Amino acid sequence: VRDALDARRPVVALETAVLTHGLPREPMAAPPCAGEQLRGLRAWRSDQPANLELSRAMAEVVRAGGAVPATIGMLDGMIVVGLDDDELAALGRAERPLKLSSRDLAIGVATRAAGGTTVAGTLAALRVLRGVDPSCAIQVFATGGIGGVHRGWTERPDASADLLEIAGSPVCVVSAGAK
């Protein structure tokens, strides 16, 4: 990821809450859309955990589009931007990983946790990265879905932290829509 940023090649950030909390850790057959999306890139390995296969497939689709994937997660209390395959597998197998929204990153660091970043957590990590080293600013983030405003919000205000982070972020968020 650092080499790509230094060379001014495109980099796309990816979240990991889908790895840690979104999909089963058991193997499963390829979802119907995986065949279309991965055609010619790689085969879905139905002998691998579904959470890990999806994370690998997301990175492969980014590569096929000519960009470098920067999958973001937390291992041992450290935010990692650009998890390699071994780190991705370790996070996918982690016992009781945290689901890290923006408000949870400090807790994860303090407790030396493993965790998957939500949309808000990923954007917060990108903000920290940009603050530490502006030359490492990642400008595009892709995700399956963002959190939204839940039904009954006027009685019980419940707006996703994703919306607040997106509103204050200079990162382009590409998403299939709100949940």
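The residues of the stretch 133-160 that are surrounded by 14 or more Cβ atoms within 10 Å (Cβ to Cβ), more than 15 Å from the chain's Cα centre (by Cα) and hydrophobic (A, V, I, L, M, F, W, C), listed by number, are Cys136, Ala137.
Please pick out the residue among Leu54, Leu98, Leu105, Leu75 that is out of contact with any Asp or Glu (no Cβ under 9 Å at 6 or more places or on another chain) and modelled with pLDDT of 95 or more. Step by step, each of Leu54, Leu98, Leu105, Leu75 is checked, and only Leu105 is out of contact with any Asp or Glu (no Cβ under 9 Å at 6 or more places or on another chain) and modelled with pLDDT of 95 or more. Looking across the stretch 1-25, the residues that are farther than 14 Å from Leu100 by Cβ and assigned to a helix (DSSP H, G or I) come down to Arg2, Asp3, Ala4, Leu5, Asp6. Gln48 fulfils the conditions (1) under 16 Å from the mean Cα position of the chain (by Cα); (2) closer than 22 Å to Arg96 by Cβ except for a single criterion, (1). Picking from residues in the stretch 82-132 that are among the hydroxyl-bearing types (Ser, Thr, Tyr) and part of a loop (DSSP other than H, G, I, E, B), the one that is most open to solvent (accessible area, probe 1.4 Å) is Thr111. Taking the stretch 39-79 as the range and being open to solvent by less than 10 Å² (accessible area, probe 1.4 Å), of a type outside the set (A, V, I, L, M, F, W, C) and part of a helix (DSSP H, G or I) as the test, the residues that pass are Asn51, Glu53, Ser55.
The values are calculated or read from the model by the stated rules, or taken from the named source; none is laboratory data. These figures come from a predicted structure and were not determined experimentally. Glycine gets a Cβ as well: all are built from the backbone with ideal geometry, and neighbour counts include every protein chain shown. Ligands, DNA and RNA are excluded from the accessible area calculation, which covers all protein heavy atoms including side chains. Shrake-Rupley method; radii C 1.70, N 1.55, O 1.52, S 1.80 Å.
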